[in-house]
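Every read-out reported here was derived from the displayed coordinates using simple, explicitly stated rules and does not represent laboratory data. Treat the numbers as computed from the prediction; the structure is a model and nothing was measured. Ideal geometry is used to build each Cβ from the backbone, glycine not excepted, and the neighbour counts take in all protein chains shown.
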Amino acid sequence: MNLKSGKIEGFEQYSQFTSLKEFNTHIEMWLAVKKEDFSKGELVALKRLVRFSAKVPGVSNAKIGTVLKAINEEYQGNGISRSTFKRMTLKAKELGIITIHETERKNGSQSSNLYCFNRFPKSEPPKPEKLNHQKETSIPLKTNNKKNNKRNEAPIELDHTFVSDKVPQAFVQIIKYFFSDAKTIEEYWRMVHIAAFRFDCVQDTEEILAIAIQSLKQLIRKLKSTKQIVKPIAFFYGILTNKLKEFYLEKLFEKQTDSRPFRKVLPSGEVLNYDWLHAAE
């Protein structure tokens with residue numbers, strides 16, 4: 001049975017998000033791993049549909065013609081076709097990004113579709129299965145009691161809401177959809193601090209946070225495209241250090257005001273030579 005068309009406020013129950021901010025966060029995660037699946041025109045259509053889903057976070061019943069008109073105006077007449085928009089919706093549906101509901105008018109004729117964006121699926125690293133099963137003993141009841149005690153003694157995992165205040169919320173909001181354990185999140189942020197200290201830029205808090213989030217998104221894309229990463233946190237640290245090194249060298253370049261050779265020793269012991277940086281010039 002098709003839904004009856006109406007004002008967007010009447011479809012609030014179809015929203016999976018508590019706020020526009022939460023919706024935008026999930027869209028960022030979808031695009032971080034699925035952006036390459038869309039053509040340039042399809043990506044324009046998807047982002048415009050996202051903007052039409054702001055009144056009720058994650059839900060839109062905008063007509064295709066309305067969306068195309070807005071895109072055409074924004075790009076000064078260089079918009080996209082109706083077929084491009086439809087291809088985008090089909091891809092987004094297949095990828096699990098949106099759910100599409102058909103609606104109809106009171107007279108039974110078909111109206112505009114209802115597009116409902118889905119939450120980004122929560123993904124946690126697989127937990128290793130216990131391969132060493134305890135052998136049966138002559139007193140099975142005693143064995144079972146030991147197993148029950150072990151279960152009771154198992155530490156309780158704390159989710160992202162228990163993360164230390166020292167970890168920026170912007171970082172937590174991105175990583176929690178992949179690693180929700182508080183200790184794991186804090187360990188990732190500790191890697192950020194170690195890398196920042198290595199390149200003597202701990203004081204550049206805003207830049208460090210932006211670089212950390214970029215590195216995290218790059219890790220996420222890699223995790224989604226391959227299963228060959230044995231230690232994700234080590235891979236993250238590698239990405240992070242490369243980006244922070246670029247940032248550090250840019251700062252050195254900006255501070256250098258004369259042509260004298262420059263030699264800097266990092267806390268890690270690594271030596272950076274100014275002449276080497278300009279050898280290609």
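Quick one: length gained pulling Ser83 to Ser109 fully straight, 0.36 nm per residue minus the C-alpha distance? Can you show the working numbers first?
On the way: separation 26, 0.36 × 26 = 9.36 nm, distance 2.16 nm.
Result for the pair: 7.2 nm of gain on full extension.
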Karplus-derived 3J(HN,Hα) from phi for the range 24-32 (6.51 cos²θ - 1.76 cosθ + 1.60, θ = phi - 60°), whole Hz, x at Gly and Pro, runs 4, 5, 5, 5, 4, 5, 4, 5, 4
Based on alpha-carbon atoms only, what is the radius of gyration of the range 3-117 relative to the globular estimate 2.2 N^0.38 Å? 1.04
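Give, in nm to one decimal, the length gained when the segment between Glu73 and Arg119 is fully stretched (0.36 nm per residue of separation minus the Cα-Cα distance). Please report the intermediate quantities before stating the final value.
Values: separation 46, 0.36 × 46 = 16.56 nm, distance 2.99 nm.
Full extension from Glu73 to Arg119 adds 13.6 nm.
Just list whichever of Lys47/Lys217; Lys217/Lys251; Lys166/Lys255; Lys35/Lys93; Lys21/Lys47; Lys35/Lys222 have alpha carbons separated by over 20 Å in the model shown. Could you put the intermediate results ahead of the total?
Details: Lys47/Lys217 18 Å; Lys217/Lys251 24 Å; Lys166/Lys255 30 Å; Lys35/Lys93 14 Å; Lys21/Lys47 15 Å; Lys35/Lys222 13 Å.
Beyond 20 Å: Lys217/Lys251; Lys166/Lys255.
Please give me the summed charge of the neighbours of Arg82: other residues whose Cβ is under 12 Å from its Cβ, Lys and Arg +1, Asp and Glu -1. Before the final figure, lay out each step's value.
Working: positive: Lys63, Lys69, Lys86, Arg87; negative: none.
Here the count lands on +4.
I need the semi-axes of the equivalent ellipsoid of the range 49-111: take the C-alpha gyration tensor, multiply each eigenvalue by 5, square-root it, list largest first in whole angstrom. Before the final figure, lay out each step's value.
Numbers: eigenvalues 82, 49, 35 Å².
Here the semi-axes work out to 20, 16, 13 Å.
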Give, in nm to one decimal, the length gained when the segment between Asn242 and Lys40 is fully stretched (0.36 nm per residue of separation minus the Cα-Cα distance). 69.9 nm
Taking a crude spin-label model, label points 7 Å out from Cα along the C-beta direction, the Thr205 to Leu20 distance in nm is 2.7 nm
